[in-house]
Each structure stands twice: as structure tokens, then as C-alpha cells.
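Engineer: First the structure, then my questions, so here it is.
FYI, it's all coordinate maths here, none of it is from the lab. In this text, all values refer to a predicted model and were calculated from it rather than measured experimentally.
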Amino acid sequence: MIATVVTDRRSVGLLAMISGVIAVFTLLGIPLSAASPGSTVGELLSLIWTVSIIPVAVGLHGLVRGRANTPSLIALGIGLAAMIVGAVMLLAVVAGRVSSADSGPVGATAFALIGVWLVLVSRLCVSAGIVPASTGWVGMAAGFGNIAALVLVAIGGFPATADVSDMSTFSPLTIVGGILSLLSIPIYAAWAIWTGRRLRAAA
């Protein structure tokens with residue numbers, strides 16, 4: 001049954017579209033969480049979104065492995081490891097075991113590696129003829145956005161607090177990195193929904 005789901009274009013397309021919609025809600029929830037110190041709404045939505053990407057990653061691997069099994073396995077391994085680590089860290093924040101600020105370095109690294117997966121899988125999907133090049137470029141833009149966000153925040157310094165009401169202590173690079181991280185969410189949503197529609201239409 002699982003093997004059928006991950007190789008069925010309509011099923012994978014539906015999973016991708018659901019993940020894209022969840023990403024939209026995540027983007028809407030993050031500012032609300034940031035405006036309420038102590039709130040973990042943003043982290044909870046991010047957790048749901050991260051988990052929603054896992055079946056998409058497995059499903060896309062099932063579709064492209066026939067043409068590029070080894071590269072696809074490498075991309076899947078990077079993606080799943082990052083998604084699991086990111087989800088566990090977000091769960092720890094939601095459960096109150098770790099502060100949002102303390103989770104920053106691990107969380108940002110996990111999402112940067114999800115960005116690596118996104119770049120790789122977007123390219124693989126284009127090569128396999130699953131999606132057009134334009135869709136692939138959208139996915140790669142989202143992935144590179146996550147990667148660039150980590151680089152900028154790592155150079156600028158991770159915030160000592162998750163309270164963004166006063167960003168006077170934040171490095172300009174950190175602020176730009178945070179903006180890039182946020183922008184990558186709607187770009188991912190566009191890629192996921194666009195990819196999902198394409199897969200369902202081609203089924």
C-alpha cells in the first residue's frame with residue numbers, strides 16, 4: 001500500500017498541495033506568534049509543516065528514483081534527516097523543553113539542509129520530466145533562500161532572544177537572514193502547490 005502511494009502521481013501531488021497550504025498557514029501564524037512573547041503558535045505550525053514535507057520527500061523519491069536512484073537517495077537522506085531533526089527541535093520548543101532562542105542554531109541548520117534537499121529534488125524532478133523547468137526554479141529559489149538564511153544568520157549571530165519587538169540588538173545580517181527565511185515559506189508553498197497540480201494533471 002505504501003509503495004503504491006509513493007509511486008502514484010495523484011497521491012504525491014495531493015500530499016504536495018496539502019504541504020503547500022500548510023506552509024501558507026505557517027507563514028500567517030509566525031507573525032502572530034512573534035507579536036506574543038512566550039507563544040509557540042509559530043513553532044507548532046512550523047512543526048506541522050515540517051512533518052507534512054516528509055511524505056512529499058518520500059513520494060517524489062518514488063517518482064524519480066527510476067531515472068536517478070543514487071542522487072535521489074542522497075537527496076532523500078539529507079532531507080529526511082533534516083526534517084526529523086527540525087521536527088524534534090520544534091516539538092521540544094512547543095513542549096517547553098527548549099526555548100525558541102536556544103533552538104535557533106539547530107533549527108536553522110535543519111531548515112538549511114531541507115533547503116539543500118529542495119534544491120536537489122527540484123533539479124531531479126525537472127530532469128525526470130515530472131515538472132517543467134519553471135517549477136524547478138521556484139523550488140530551487142526556496143531552497144537557496146533557506147541556505148542563504150543560515151549563512152547570513154550564522155555570520156551575523158543568532159539572536160539571544162526570540163522577542164522581535166526590539167530588534168536593535170540584532171545584526172543587519174541576522175535581520176536579512178530572517179527575512180530570507182520567511183520569504184522562502186511562500187516560495188515553497190508556490191512550488192509545492194504548483195508541483196502538486198502538475199502531478200495530478202499528468203496522472
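Engineer: Tell me, in nm to one decimal, what length is gained between SER127 and VAL41 on full extension, where the rule is 0.36 nm per residue of separation less the Cα-Cα distance?
Structural biologist: So the extension gain works out to 27.2 nm.
Engineer: Can you tell me the 0 to 90 degree angle between the C-alpha axis of helix 41-64 and the longest principal axis of the chain, rounded to 10?
Structural biologist: On a 0 to 90 degree scale, this one is about 20.
Engineer: Let me ask another. Given Cα pairs under 8 Å that are at least 6 residues apart, what percent is the relative contact order of the chain?
Structural biologist: The normalised contact order for the chain reaches 29 percent.
Engineer: A further question follows. Report, in degrees rounded to the nearest 10, the 0 to 90 angle that the Cα long axis of helix 69-94 makes with the longest principal axis of the chain.
Structural biologist: Between helix and principal axis, roughly 30 degrees.
Engineer: Taking just the alpha carbons, could you work out the radius of gyration and Dmax for the stretch 2-202, both in angstroms?
Structural biologist: 16.6, 52
Engineer: What length, rounded to one decimal in nm, is gained on full extension from ARG200 through to LEU182, with 0.36 nm per residue of separation minus their alpha-carbon distance?
Structural biologist: Net length gain for the segment: 3.7 nm.
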